[in-house]
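The values are calculated or read from the model by the stated rules, or taken from the named source; none is laboratory data. As the structure is a prediction and not an experimental result, all values here were calculated from the model. All Cβ positions, even for glycine, are placed from backbone atoms using ideal geometry, and neighbour counts span all protein chains on display.
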Amino acid sequence: MAGIGFVLRNLTTKDNLIGLLSGFGYSALVATGPWLFTILALTGIVALGSYFTTVEQQITFRIAIIYNFSFSLVISGPIVMVLTRYISDLIFLKEVEKAPGALLGGLILIYAIQFPLAFLFYFFYVDIEFMTALSAFINYFLINGVWLVTIFITALKDYKMVIRIFLIGMAFGGISNPFLAKDLGVVGMFFGFNAGLAIILFGIIARVFAEYPYEAKNFFGFLPYFRRYWDLALVGLTFNLAAWVDKWIMWFCPERDVVAGGFLSYSNYDSAMFLAYLSIVPSMASFVLSMETRFYEHYLKFYRDIQKHANFQVIRDNHKQLIEAVHVSGRNFLILQGGISLLAILMAPHLFTWFGINFKQMGMYRLGVLGAFYHVCILFMNILLSYFDCRRKALQVSFIFLLSNFVFSLLSMNLGFPYYGFGYFAACLITFMVAIIITFHHILDLPYHTFITQNESVKG
């Protein structure tokens, strides 16, 4: 996101409050676009649809969206990660004429892999009406498509167009829903939501083809990258699994519901965690807008001076400046996100009262806010490791996150309701401590790793 981050940062240089707010607003939507769209649109659609649909229809719609959101993210994760690396290399090598083919090839691969899974699930496993199953099936593939095309957002750098597409899609999906739900029920709810996703998906695809007006060919040129970057693919799989495994485990808790002909759900936990995740939106925006861009400037200078055969003193000074940039960014993040998380926890009773949220979610929400704080820290650590091409270390962090979240969530579920949420929080805290040790140990020894451990000529 550093590319679009530089463009957005220019907004904040304007000598007025509007520029600063615009920069953070655009950054928030760019950094969390599909996820934020889904949460806000889903909340709005369920709220508006409650006037025109039954509770059972609302539950069917909500749980199907959650299933689609979670499984599409996990299964598409390896492809998205590898394709992201492929697109990055194309931009670096100035071979962007291959981008349209890679976009179509990625969509074909994701759809080919997931078609049988989604088909069997919706038309054979769950017992719901055919039109509802068809609508949910289409929604699954639209969400998958959005995950993939957002790879190209940072390459486009046209933040206004990207935000416009997301807002139009979100608005259309939310506004059309009540009118469609009134006559079509849950199918109408899906139709409105799917229409909004389709606007986003095809809008970004159209913008990519406009930005790179080349013939789409060599659709699967990125496939050899899976052999070369298999560890990167596993990072995409394990990190996304880690983010969702606690929710899946809680679907089997004693308080769970079996709804809509076979869906397992524990709505109190899901809702509490999704609400908790909203607390990290400001820090995600700040990361795109200032933290990553500040780090990237020093990162680029460090390696460019080495390529120019700079002397040891220059390299050491650049290394110190890079470490300082990481420290400053980390400090700013801790102040920003720490304050927001603390405020979210203290204000929880008022928030729950204002929005009519079930107070049974209070404890899970507060633990979710704490867990989300460390979760986003882990994400940032993995991004830094990716900059230094430490794929194996990023994989270690992701695997520890997955294993700890699985074990502790299972333990907290077995301990009973008072402990729900502790598993996720404990996993995030432990993984963060491991991640920060691995990341800073590598950064502190960066010159050694640059000239020795990551030097192909020395390895040979």
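Hey, could you check segment 171-187 for residues that are touching a residue at least 60 places away in the same chain (Cβ under 8 Å) and buried (at least 16 other Cβ atoms within 10 Å of the Cβ) and say which is farthest from Y140 (Cα to Cα)? Explain how you work it out, then say what you get.
Taking segment 171-187 as the starting set, the residues that turn out to be touching a residue at least 60 places away in the same chain (Cβ under 8 Å) are 173-174, 177-178, 181-182, 185-186.
Now drop any that are not buried (at least 16 other Cβ atoms within 10 Å of the Cβ), which leaves 173-174, 177-178, 181, 185-186.
Working: G173: 16, G174: 18, N177: 18, P178: 21, A181: 19, G185: 19, V186: 15 Å.
Step by step, filter segment 171-187, then rank; the result is P178.
So how many residues does segment 88-104 have that are touching a residue at least 24 places away in the same chain (Cβ under 8 Å) and either surrounded by 21 or more Cβ atoms within 10 Å (Cβ to Cβ) or part of a loop (DSSP other than H, G, I, E, B) (or both)? Can you show your working first?
Of all residues in segment 88-104, those touching a residue at least 24 places away in the same chain (Cβ under 8 Å) come to 91, 96-104.
Filter once more, so that each one left must be either surrounded by 21 or more Cβ atoms within 10 Å (Cβ to Cβ) or part of a loop (DSSP other than H, G, I, E, B) (or both): 98-100, 102-103.
The number of residues fulfilling the criteria is 5.
Output the number of the condition that L103 fails; it satisfies all remaining conditions of (1) more than 21 Å from the chain's Cα centre (by Cα); (2) modelled with pLDDT of 85 or more; (3) of a type outside the set (V, I, T).
(1)
Restricted to segment 331-378, and to residues that are in contact with a Cys (Cβ under 9 Å, 6 or more places away or on another chain) and free of Cβ contacts under 8 Å to residues at least 60 places away in the same chain, which residue is surrounded by the most Cβ atoms within 10 Å (Cβ to Cβ)?
Among those that are in contact with a Cys (Cβ under 9 Å, 6 or more places away or on another chain) and free of Cβ contacts under 8 Å to residues at least 60 places away in the same chain, it is I378.
I need a count of the residues in segment 237-275 that are over 28 Å from A133 (Cβ atoms) and either under 23 Å from the mean Cα position of the chain (by Cα) or among the hydrophobic types (A, V, I, L, M, F, W, C) (or both). Lay out the reasoning, then the answer.
Step one: of segment 237-275, the residues over 28 Å from A133 (Cβ atoms) are 238-239, 242, 254, 272, 275.
If we keep only those that are either under 23 Å from the mean Cα position of the chain (by Cα) or among the hydrophobic types (A, V, I, L, M, F, W, C) (or both) as well, we get 238-239, 242, 272, 275.
Count: 5.
Take segment 337-351 and flag every residue that is in contact with a helix residue (DSSP H, G or I) (Cβ under 6 Å, 6 or more places away or on another chain) and modelled with pLDDT under 90.
Q337, I340
Among Y387, Y424, Y419, which is hydroxyl-bearing (S, T, Y), over 30 Å from Y299 (Cα atoms) and within 19 Å of the chain's Cα centre (by Cα)?
On the way: Y387 fails: over 30 Å from Y299 (Cα atoms); Y419 fails: within 19 Å of the chain's Cα centre (by Cα).
Every option except Y424 fails the conditions.
Among helices (runs of 4 or more DSSP H) lying entirely in segment 387-460, which contain 3 or more residues that are crowded, with 18+ Cβ neighbours inside 10 Å and at pLDDT 95 or above?
On the way: elements: 391-415, 422-444, 456-459.
Correct list: 391-415, 422-444.
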